[in-house]
Amino acid sequence: MRQSSNNAFEALALPELGAVFRVARRLTRNEAEAEDLVQETYLKAHKAFASFQLQEFGIRPWLLRILNNSFLNRVARERRAPRSTDHEFLESLESAEGSPASAGGLDFDLLDDEVKAAIENLQPEFRCVLLLWATMEYSYQEIADIIEVPIGTVMSRLHRAKRLMAETLRVYGQ
């Protein structure tokens, strides 16, 4: 019986590995952390597979819900952990203050990086909703199912994420 459960899990979950990894990479902004997060997600999913109820939309939303919860738990854990600041990093911030970008000039070659930075600076709950909506093209209801919040919460988080992005990027539109 255990073997058939493993086979069923593999048949359903492995085809979704690429999509889960893409979301993890966007959430973590780091390839190695994304790999760890995907591994954690699949381990948790495998352990909980016996309680999984297959719906018409497949296993992907369930995996993304586990991924999202794991990501938010990591973020919360990291916020509680003490941080140290590297002396070289502090010096690089001081030297960057005199750069043309900080003087209000727009470097078109860096525009994509600015958009990425604006997304990365969003709080995790806003970044997750924005990424699921914009890059994975999920509907509000699908996002609500994935992150287990009411659809109104998805709508307000997405609205707030868009507003924060617009505020952050307004300088580059002038």
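The values are calculated or read from the model by the stated rules, or taken from the named source; none is laboratory data. From a predicted model like this one, the values you see are computed outputs, not experimental measurements. In this analysis, Cβ positions are derived from the backbone assuming ideal geometry, glycine residues included, and neighbour counts consider all displayed protein chains. Protein only, heavy atoms only, side chains kept; ligands, DNA and RNA dropped before computing areas. Shrake-Rupley method; radii C 1.70, N 1.55, O 1.52, S 1.80 Å.
Quick notes
- Annotation: of all residues in the stretch 103-141 being in a loop (DSSP other than H, G, I, E, B) and of a type in the set (A, V, I, L, M), the one that is modelled with the highest pLDDT is 122.
- In the stretch 3-53, the qualifying residues are those that are of a type in the set (Lys, Arg) and within 24 Å of residue 133 (Cα to Cα), and the one that is most open to solvent (accessible area, probe 1.4 Å) is 29.
- For the stretch 139-153, the condition of being within 27 Å of residue 59 (Cα to Cα), charged (D, E, K, R) and under 14 Å from the mean Cα position of the chain (by Cα) holds for none of the residues.
- For the stretch 142-173, residues that are open to solvent by 50 Å² or more (accessible area, probe 1.4 Å) and free of Cβ contacts under 8 Å to residues at least 12 places away in the same chain total 9.
- Options 76, 45, 50, 13; residue that is modelled with pLDDT of 90 or more, closer than 30 Å to residue 121 by Cα and not basic (Lys, Arg): 45
- Condition met for residue 13 (in a helix (DSSP H, G or I) and within 27 Å of residue 118 (Cα to Cα)): no
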